[in-house]
1. With 10 angstrom as the radius, rank Ser5, Ser155 by how many other C-beta atoms surround their C-beta, starting from the fewest.
2. Using θ = phi - 60° and the Karplus curve 6.51 cos²θ - 1.76 cosθ + 1.60, what whole-Hz ³J(HN,Hα) does each residue of region 187-193 get, with Gly and Pro shown as x?
3. Near Ser11, within a Cβ-to-Cβ distance under 13 Å, what is the net charge of the other residues, with Lys and Arg +1 and Asp and Glu -1?
4. What list of ³J(HN,Hα) values in whole Hz, one per residue of region 202-210 in order, does the Karplus curve 6.51 cos²θ - 1.76 cosθ + 1.60 (θ = phi - 60°) give from phi, with Gly and Pro shown as x?
5. Can you list the HN-Hα couplings for region 161-173, worked out from phi with the Karplus curve (6.51, -1.76, 1.60; θ = phi - 60°), rounded to whole Hz and with x for Gly and Pro?
6. Only one of the values (i) 48, 38, 34; (ii) 67, 38, 35; (iii) 52, 34, 32 was calculated from this structure for Cα extents along the principal axes in Å; name its label.
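Every number here is computed from the coordinates shown, using simple stated rules; none is lab data. Computed from a predicted structure; not experimentally measured. We place every Cβ from the backbone using ideal geometry, glycine too, and count neighbours over all the protein chains shown.
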Amino acid sequence: MNSISAYFKSSIGRKQVVATTGIFLVLFVVAHLIGNLTFFLGPDVFNAYAKKLAHLRPALNVAEAGLLIIFLVHMCTTYTLVWENIKARQNKYSTYKPVGKRSLATRLMPFTGTILLAYIIWHLIDFTFAEHHGVNATLNGTDLGLYGVVYNAFSNPIHSVLYVIAMMALSLHLSHGIQSIFQTFGLHGEQITPFAKNLSDGLALFICVMFSAIPMYAYFHATVTGLAK
């Protein structure tokens, strides 16, 4: 019991907790992206995907609760590490010395994490807990369910821009986070380190572009066709 407590109190132990929970969160983001991309296949396919997820309840409720716990553990543990680093830098007697020049993504991690927390709350209120039928779901006189809700939301330029900004924050967060996972578990070297950097940067950029393509498509389509609200 003492060894477990010592593990979670140690910097290495908490970094491994952050890395492990980070892996699950990255997998969720990728799975969520795959589902969201069905938006490009039209309302029937997108709504069918949403209904299929709804039919998985109550098992889906258990999965969502588990995801929430993972997210909270990831966030809280990360902030304890960040706070310790801040105190170490402020202590003139500290032996804390950062290794190498920190990248922009690394320096912005606390800020991108905070932006993502705010975005997740907004996203849940905006789409998940919103009414999927009625005025907000109606497009050109037809109730298109969740597809209509998403389309109408992103036909608003401010809404779309804020979403893209959140995806840029996610990209920066993933760019550093995935590299950190490799480093935390000792996966580094002349071949592995460049691979980890290319993988993290490439995957982060891909996720950002693909997620951002949805509001951009909805906004420009609504503008061209005159369906913007």
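1. Ascending number of Cβ neighbours within 10 Å: Ser5, Ser155.
2. 8, 8, x, 4, 9, 6, 4
3. Around Ser11, the surrounding residues sum to +3.
4. x, 5, 4, 5, 4, 4, 4, 5, 5
5. 5, 4, 5, 5, 4, 4, 5, 5, 4, 4, 4, 5, 5
6. (ii)
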